[in-house]
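Please treat every number below as a calculation from the coordinates, not as lab data. Everything numeric here is computed off the predicted structure, so don't read it as measured data. No Cβ is skipped: glycine too gets one built from the backbone with ideal geometry, and neighbour counts run over all protein chains shown.
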Amino acid sequence: MTPGSGLSPNVHHLETSATIAISQEAKRRKAAGEDVIDLGAGEPDFPTPALPSDAGVRAIREGKTHYPANEGILELRAAAAKHLSLLSGGRPVNADNIVVSNGSKQSLFNVCFTLFGPGDVVAIPAPAWVSYPQIVYLSRARPVLVPGEPEWSLKVSVRDLDRVVPGARGLILCSPCNPTGAVYTQAEIKAIARTVGAGGEREGPTGRAPRPRSSICRTTCSSASWSSTG
Ligand SMILES: Cc1ncc(COP(=O)(O)O)c(C=O)c1O
């Protein structure tokens with residue numbers, strides 16, 4: 001989008017999705033008879049399993065088609081809290097801190113829009129999922145890509161973050177990472193969280209009151225694992 005397009009500055013930085021562009025190109029070449037492996041947009045190649053499909057149909061038949069609470073159905077949030085607690089070795093997880101949305105992309109947008117604004121810099125370890133910089137731009141903040149270390153599975157360290165974006169307002173860390181598949185260990189994530197969270201109150205962008213620096217939001221998605229991306 002360009003400033004002359006008549007659209008709001010909110011979308012001036014937005015670019016066409018690179019993954020969709022690759023998939024379209026792959027389709028075009030396949031149609032032309034080329035032998036192509038499409039590594040663009042990825043989604044499961046199996047049908048949606050019966051468990052979520054049947055539950056969805058049952059819920060509609062039972063009339064669960066009206067407005068739920070904005071933060072999600074309480075029973076679902078409680079079940080998610082229980083699951084996350086089991087995954088973290090029994091550490092209590094409070095359902096009050098869980099929001100169910102209609103997708104990870106939506107959640108990431110909500111988080112960025114709520115926490116970032118003009119003048120903020122947000123660090124994104126690269127290579128990264130193509131939507132991250134776009135979502136940061138939509139919150140009017142500036143994404144800065146931090147190249148991962150090739151000899152370290154393309155992960156970034158505390159040192160890389162400090163070197164490339166000292167004082168970044170936020171960090172979007174993906175583990176297991178799309179597209180590299182790299183997984184950060186618990187110790188690595190803790191070290192990064194300590195560094196990003198350190199610093200206490202930081203000055204807000206010009207004209208705004210200082211804002212506390214440390215908020216950790218975790219987004220988890222189930223669309224791909226349950227083949228329900230649509
Ligand atoms: C890292 C990452 N986060 C989020 C998403 C999108 O999740 P959802 O379909 O739940 O919006 C994708 C989809 O490719 C992804 O790769």
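State, in angstrom, two size descriptors of region 101-210 derived from its alpha carbons: Rg to one decimal place and Dmax to the nearest whole number.
13.8, 43
Compute the semi-axes of the equivalent ellipsoid of region 48-100, taking the square root of 5 times each eigenvalue of the Cα gyration tensor, and list them largest first in whole Å.
Equivalent-ellipsoid dimensions as semi-axes: 24, 15, 7 Å.
Ratio of Rg to Rh for region 1-73, alpha carbon only, Kirkwood?
1.19
I'd like to compare 92-99, 58-65: which one has the highest average count of other Cβ atoms within 10 Å, and what's the full order after that?
The peptides rank, most packed first, as 92-99, 58-65.
What is the order of Phe116, Phe46, Phe109, fewest Cβ neighbours within 10 Å to most?
Phe46, Phe109, Phe116
5 Å is the cut-off here: which amide hydrogens, built 1.01 Å from N in the peptide plane, fall below it relative to Lys155, excluding neighbours closer than 5 in sequence?
Glu149
In bins 5 Å wide, starting from 0, what share of all Cα pairs of the chain does each bin hold, as a percent?
Once binned at 5 Å, the Cα pair distances of the chain give 1, 5, 10, 14, 16, 16, 15, 11, 7, 4, 1, 0.
Whole-Hz ³J(HN,Hα) for each residue in region 17-22, computed from phi via Karplus 6.51 cos²θ - 1.76 cosθ + 1.60 with θ = phi - 60°, x for glycine and proline: what do you get?
So the Karplus estimates, Gly and Pro as x, are 4, 5, 5, 5, 4, 5 Hz.
Output wanted: per-residue J couplings in Hz (rounded whole) for region 144-160, from phi through Karplus 6.51 cos²θ - 1.76 cosθ + 1.60, θ = phi - 60°, x for Gly and Pro.
Result, rounded to whole Hz: 10, 7, 10, x, x, 8, x, 7, 10, 6, 6, 8, 10, 9, 4, 4, 4.
Would you pull out the residues with amide H under 5 Å of Leu171's amide H, same chain only if 5 or more places away, H placed 1.01 Å from N?
Ala123
Report the Stokes-Einstein translational diffusion coefficient (µm² s⁻¹, integer) for region 9-129, Rh taken as the Kirkwood radius over Cα pairs, at 25 °C with viscosity 0.890 mPa s.
Roughly 129 µm²/s, to the nearest whole number.
Once the Cα gyration tensor of region 1-41 is diagonalised, what are the square roots of 5 times its eigenvalues, in whole Å and ordered largest first, as equivalent ellipsoid semi-axes?
After scaling each eigenvalue by five and taking roots: 31, 10, 5 Å.
Of Thr195, Thr220, how do they rank once you tally other Cβ atoms within 10 Å and put the fewest first?
Result, fewest neighbours first: Thr220, Thr195.
So what is the relative contact order for the chain, in percent, with contacts set as C-alpha pairs under 8 Å and at least six apart?
About 18 percent, as a whole number.
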